[in-house]
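Q: Starting off with a structure, shown below.
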Amino acid sequence: MQEKDKQLLKSSALNTADAIIAASNPGLAIAWGLAKALFGAGMSLRQGRALNFAEFIHDDSGTFTTEILNTEQFQDAFVFTLENFLRERSEMKREIMKNIFIGFTKVENKKQFPLEKYVHTLSQLTEADIETLAKVDVTRDDPNYQIDDIPGQHTNNLYDLISLGILHDRTNGRNYNVGKGAPFISVTEFGKGFCTYLKS
């Protein structure tokens with residue numbers, strides 16, 4: 001494909017996103033305009049992601065109601081989330097980010113919703129960390145719980161999750177089971193909230 005054709009394709013994606021937003025709601029158009037003013041260059045470079053996010057909002061009118069779209073809280077959260085969505089390399093993590101944003105949109109007390117903390121935490125995780133977290137039983141609270149289906153496979157990922165406050169290390173200096181090395185864990189309250197957005 002020639003460079004001219006590539007540029008035309010990119011321009012078409014952003015124009016499509018603009019058209020989707022313009023046809024949606026004035027409140028969403030305000031948020032989109034803010035985002036373009038702040039991240040115009042980034043949106044130009046990652047137009048496919050920008051279009052994906054615009055379609056995601058447009059296609060879920062049951063969640064993104066006119067009343068919600070017209071609030072300043074939503075518009076600010078939209079700009080913040082879109083910036084991070086454009087920046088994120090991992091498709092898996094972008095899908096989780098959508099789930100987090102839906103969670104923010106649905107909650108009554110938006111000031112108390114840890115949107116920024118969830119998104120920041122997500123940005124620190126690897127896909128292997130997320131796959132490990134998906135294996136954790138969030139309902140387990142006994143002191144002898146380990147992830148040990150394959151000895152040693154998840155140990156580093158578990159320590160990543162502990163360092164981010166998603167898991168609590170309950171080892172307390174006791175000896176590990178021979179050949180396993182995985183810490184004894186439980187899921188923190190923050191982690192339980194975060195885990196609800198790992199699945200669509």
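The values are calculated or read from the model by the stated rules, or taken from the named source; none is laboratory data. Predicted model, so just to flag it, every value in this text is computed and none were measured. Note that each Cβ is placed from the backbone with ideal geometry, even for glycine, and that neighbours are counted across all protein chains shown.
Q: Looking at the stretch 25-44, which of its residues are over 27 Å from Glu67 (Cβ atoms) and without any contact (Cβ under 8 Å) to a residue 24 or more places away in the chain?
A: Listed by number, the residues that qualify are Gly40, Ala41.
Q: Sticking with this structure for a sec: Any idea which of (1) under 21 Å from Ile30 (Cα atoms); (2) loosely packed, with under 14 Cβ neighbours inside 10 Å is the one Glu91 doesn't satisfy?
A: (1)
Q: Scanning the stretch 116-129 for residues that are crowded, with 18+ Cβ neighbours inside 10 Å and part of a helix (DSSP H, G or I), which turns out farthest from the chain's Cα centre (by Cα)?
A: Asp129
Q: If a residue has to be polar (S, T, N, Q), farther than 16 Å from Arg94 by Cβ and surrounded by 16 or more Cβ atoms within 10 Å (Cβ to Cβ) to count, how many in the stretch 22-73 make the cut?
A: 2
Q: Identify the residue in the stretch 137-184 that is of a type in the set (A, V, I, L, M) and either outside any loop (DSSP other than H, G, I, E, B) or at pLDDT 85 or above (or both) and, among all such residues, is surrounded by the most Cβ atoms within 10 Å (Cβ to Cβ).
A: Per the criteria, the residue is Leu161.
Q: Of all residues in the stretch 15-40, count the ones that are assigned to a helix (DSSP H, G or I) and either touching a strand residue (DSSP E or B) at 6+ places or on another chain (Cβ under 9 Å) or at pLDDT below 70 (or both).
A: Going through the stretch 15-40 one residue at a time, the tally reaches 1.
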